[in-house]
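The values are calculated or read from the model by the stated rules, or taken from the named source; none is laboratory data. Note that this is a predicted model, so its numbers are computed, not measured. Cβ placement follows ideal geometry from the backbone for every residue including glycine, while neighbour counts extend to all protein chains displayed. Side chains included, ligands, DNA and RNA excluded: accessible areas come from the protein's heavy atoms. Shrake-Rupley method; radii C 1.70, N 1.55, O 1.52, S 1.80 Å.
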Amino acid sequence: EPEVTQTPSHQVTQMGQEVILRCVPISNHLYFYWYRQILGQKVEFLVSFYNNEISEKSEIFDDQFSVERPDGSNFTLKIRSTKLEDSAMYFCASSPDRVRSGEQFFGPGTRLTVL
Amino acid sequence: SQKIEQNSEALNIQEGKTATLTCNYTNYSPAYLQWYRQDPGRGPVFLLLIRENEKEKRKERLKVTFDTTLKQSLFHITASQPADSATYLCALIDSWGKLQFGSGTQVVVTP
């Protein structure tokens, strides 16, 4: 069964460093998302992406964040200058359509630890 | 502001019984509501979607109801099994596909 994959599974970085989190969505999906979950808190929407551009972003997704789909298969989230409060689990999700079926397929997540 | 509330207390239930979870929302008029399961350290897994014009939806041992007047959804796991132990997340979806999650309710099913 096709699945969303994410790498790395765990990333440790120093505050102020840039990180890139990578995702390979399911191949025939058109809508892509990043969510994050701080330990013990709810899953929060960061950004949605369709047709090579951002559809919607939350207030968390400030100028330090960017997303890219560089080669038609990978979908990346970049944090330019990490802060301690960026430590969280980051989930990528993809969907074949926006709302009609509604199901979003989530990857296993990348645990980001900022020291 | 928009809020989605789920019971934060863990639900402890004996195997074979029915677990009932509640999701209440305010300042939303959602067309769809979804339920996901999340295991520790893993991503959410889609379970069910219910539309505003549907009162009830079933899938195997799962049943979801959606009352737009009460602004509430109930999620039932019948004949619960220890393998059903997980956190269950309610989510509202907007027209752009963005999911807004509740904080989840942990279910613990004991043999």
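Under a GNM of chain B (C-alpha, springs under 10 Å), which listed residue has the highest mean-square fluctuation: B:Thr87, B:Thr68, B:Thr26?
With Cα springs under 10 Å in chain B, the top fluctuation among B:Thr87, B:Thr68, B:Thr26 is at B:Thr26.
Express in Å², to the nearest 10, the accessible area of A:Thr7 obtained by rolling a 1.4 Å probe over the protein heavy atoms while all chains stay in place.
Here the residue's solvent-accessible area equals roughly 80 Å².
Under a 1.4 angstrom probe, counting protein chains only, how are A:Val24, A:Val19 ranked by accessible area, largest first?
Ranking A:Val24, A:Val19 by accessible area, largest first, yields A:Val24, A:Val19.
Given the options A:Glu53, A:Glu68, A:Glu44, which has the most mean-square fluctuation in a GNM of chain A, springs set between C-alpha atoms less than 10 angstrom apart?
So, out of A:Glu53, A:Glu68, A:Glu44, the one fluctuating most is A:Glu53.
I'd like the accessible area for A:Arg69, computed on protein heavy atoms only with a 1.4 Å probe and all protein chains in place. Round to 10 Å², please.
Using a 1.4 Å probe on the heavy atoms, I get roughly 50 Å².
Got a sec? What order do A:Leu30, A:Leu77 fall in by accessible area at 1.4 Å, biggest, i.e. largest, first?
Descending accessible area places them as A:Leu30, A:Leu77.
Taking the full set of protein chains and a 1.4 angstrom probe, give the accessible area of A:Glu103 in square angstrom, rounded to the nearest 10.
Estimated to the nearest 10 Å², A:Glu103 gives 50 Å².
If DNA, RNA and ligands are ignored and the probe is 1.4 Å, what is the ranking of A:Arg22, B:Arg37, A:Arg36 by accessible area, most exposed first?
A:Arg22, B:Arg37, A:Arg36
Measuring from label point to label point, each 7 Å out along Cα→Cβ, what is the A:Val12 to A:Gln64 span in nm?
Taking the two extended label points, one gets 2.0 nm.
Where the accessible area of segment A:5-114 is counted over protein heavy atoms with a 1.4 Å probe, how much of it, in %, is carbon and sulfur?
Roughly 45 percent, rounded to a whole number.
Out of B:Ala91, B:Ala19, B:Ala83, any idea which swings most in a Gaussian network model of chain B, alpha carbons joined below 10 Å?
B:Ala83
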